[in-house]
1. When we measure straight from the Cα of LYS246, which aspartates and glutamates land under 18 angstrom away, once same-chain ones fewer than 8 places off are left out?
2. So which GluC sites (Glu not before Pro) in the range 221-289 pass both tests, a DSSP loop state and at most 14 other Cβ atoms within 10 Å of the Cβ?
3. List the chymotrypsin sites (Phe, Trp or Tyr not before Pro) in the range 160-215 that DSSP assigns to loop (not H, G, I, E or B) and whose Cβ has at most 16 other Cβ atoms within 10 Å. Which are they?
4. Under 27 Å from the Cα of LYS223, which lysines turn up, not counting those fewer than eight places away in the same chain?
5. Quick check: residue separation of LYS234 and LYS246 times 0.36 nm, minus the Cα distance between them. What number comes out in nm?
6. Can you tell me the alpha carbon radius of gyration of the chain divided by the globular rule-of-thumb value 2.2 N^0.38 Å?
7. In whole Hz, with x marking every Gly and Pro, tabulate ³J(HN,Hα) for the range 163-174 from phi via Karplus 6.51 cos²θ - 1.76 cosθ + 1.60, θ = phi - 60°.
8. As a check on your grasp of the helix formula, calculate [θ] at 222 nm for the chain: sum -39500 (n - 2.57) over DSSP H runs of n ≥ 4, divide by the residue count, round to the nearest 500.
Amino acid sequence: MALTPELSKKTHLKEVAGIPLQVATVDNWRQIQSFEAKPDDLLICTYPKSGTTWIQEIVDMIEQNGDMEKCRRTIIQHRHPFIEWARPPQPSGVDKANAMPAPRILRTHLPTHLLPPSFWENNCKFLYVARNAKDCMVSYYHFQRMNQVLPDPGTWEEYFETFINGKVGWGSWFEHVKGWWEMRDRYQILFLFYEDIKRDPKHEIQKVIKFMGKNLDEMVLDKIVQETSFEKMKENPMTNRSTVPKSILDQSISPFMRKGTVGDWKNYFTVAQNEKFDEIYRRKMEGTSINFCMEL
Ligand code: A3P
């Protein structure tokens, strides 16, 4: 696969097949691509800022049969190895996954065409969570403001263009969502929407339980719904990233658990931006049957 030169020093991103990724990820690309998935792996897949942390906590609570103490064994970032993550000399996501006993639960932000092929070859289970593009853009903008190792997003107006053009980490929202949506009938993919989990968490969590082949009683289900609410996760040091140093995530600029709502985009998009976005969305998503809810 052709690697293009670093976009610029300031961006801290390099491209693989047109997808901007963190430099250390690209430098470790061979190890990532040759990762050996196992048939009983479950891979949590998301575009950034689509509710990754939320679904991770839900999945972990299901896996631990609702035992909060077990979920508190370590911070959420360390529970499910992040396949493409690399920050030498620390062990990479692949190293961590290789050291993990089966059955493994892993996570990725990679688009379908960059996923290590062994995931497809082993017919693994994929749990994809999609979030509407407008809220995703707002959330990513604030994340890039507070994340000291990602490129500075610039002004909102500048970021609007950057996001639309897919010049952000993990590339175009449109291509990512379309790619995974198109795979959903060919592989074992549970495709969920952030907005549905927000509207009816119990119903969506039940789908995850079934997909994971678990059987939990009603009381445990209710507990999972409560413990994975935005308010609870914002207070929980194991999920709110408060243990990450300020030199990496500066939560005084914007908290990691920021708003957790559907429709915050209305506070950012101007009428002109909204019209432009809708037109681009129509063109880029033409022919797909996917439908997003933009407000609750
Ligand atoms: P906002 O910035 O809109 O608040 P990720 O984990 O993929 O980085 O996604 C982060 C986004 O998910 C943030 O969105 C965060 O607040 C939101 N989020 C995290 N936990 C949540 C929860 N329990 N309920 C709703 N939203 C949640």
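1. ASP152, GLU235
2. Loop-located and lightly packed - GLU286.
3. Numbers: sites: PHE160, PHE163, TRP170, TRP173, PHE174, TRP180, TRP181, TYR187, PHE191, PHE193, TYR194, PHE211; in loops: TRP170, TYR187.
Passing both the DSSP loop test and the Cβ count: TYR187.
4. Within reach: LYS49, LYS70, LYS125, LYS198, LYS202, LYS207, LYS210, LYS214, LYS232, LYS234, LYS259.
5. Numbers: separation 12, 0.36 × 12 = 4.32 nm, distance 1.70 nm.
Value of the extension gain: 2.6 nm.
6. Numbers: Rg = 18.4 Å, N = 296, 2.2 N^0.38 = 19.1 Å.
Expressed relative to 2.2 N^0.38 Å, the Cα Rg reads 0.96.
7. Per residue, the Karplus-derived 3J(HN,Hα) values read 5, 4, 7, x, 8, 10, x, 6, x, 6, 4, 4 Hz.
8. Working: 15 runs with 121 residues, N = 296.
The helix contribution divided over the chain gives -11000 deg cm²/dmol.
Quick note: the coordinates plus some simple rules give every number you see, no bench work behind them. Just so we're clear, the structure is a prediction, and the values are computed from it rather than from any experiment. Note that each Cβ is placed from the backbone with ideal geometry, even for glycine, and that neighbours are counted across all protein chains shown.
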